[in-house]
1. Suppose a student asked you for the relative contact order of region 94-162, using Cα pairs under 8 Å spaced at least 6 residues apart; what percent would you report?
2. How big is D for region 94-162, in µm² s⁻¹ as a whole number, if Stokes-Einstein is applied with the Kirkwood radius of its Cα pairs at 25 °C and 0.890 mPa s?
3. For K151, go through the aspartates and glutamates and keep the ones whose alpha-carbon is under 12 Å away, minus same-chain ones fewer than eight residues off.
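FYI, it's all coordinate maths here, none of it is from the lab. Just so it is clear, the model here is predicted, and its values are computed rather than measured.
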Amino acid sequence: MKSIHASLLSTFIMIIGISAASEVSAQAMVNDESPPQMKVILERVYLDGEISEETVTETIWAAEDFWAKYEEWKLVDMDEGYVVFRQQTDDISPLLKANGYFGITDEGILTIFNGKPQRTNIIQSFFQIDIQKLESNKCEQLKKGIPIMTKDRYIDVLETFKSYSTDEKVLN
């Protein structure tokens with residue numbers, strides 16, 4: 001409960017800061033000065049755990065407009081001169097779409113690789129697969145690499161191989 005109050009208090013203080021910047025912005029226009037600028041960091045968190053970061057500089061003309069622009073984002077940090085927003089994205093990352101492959105390690109762990117499966121290009125590991133239960137064609141597919149390309153393919157492959165898991169624990 002204490003952390004919720006602290007979080008609300010810090011958010012309130014941040015909003016006051018942006019509002020004050022907005023008032024300074026209006027005053028700056030009257031005095032023929034430049035309005036304040038804010039560095040905005042946008043973090044996108046994808047289903048596969050990847051996080052992309054984009055940095056933009058915003059001119060604060062009005063606090064209401066600034067907050068409205070990012071209403072779909074969650075405020076995670078703010079200090080003088082910058083603000084960080086985060087958004088959960090219901091999709092896989094651009095990296096997986098472009099170059100992600102499901103494969104299997106020498107130890108039999110279902111893994112995502114950056115490119116065709118090799119020991120050195122592991123992105124994420126999931127669970128141990130019982131190779132003895134695995135049909136030979138599926139084992140061969142995993143050794144060669146299964147391109148991911150879409151969210152649906154990502155989910156389908158995970159669901160397909162989950163039934164061959166020796167341990168339900170996700171390794172990440």
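1. Answer for region 94-162 is 35 percent.
2. It diffuses with D of about 209 µm²/s by this estimate.
3. Excluding near neighbours in sequence, the set is D48, D90, D91.
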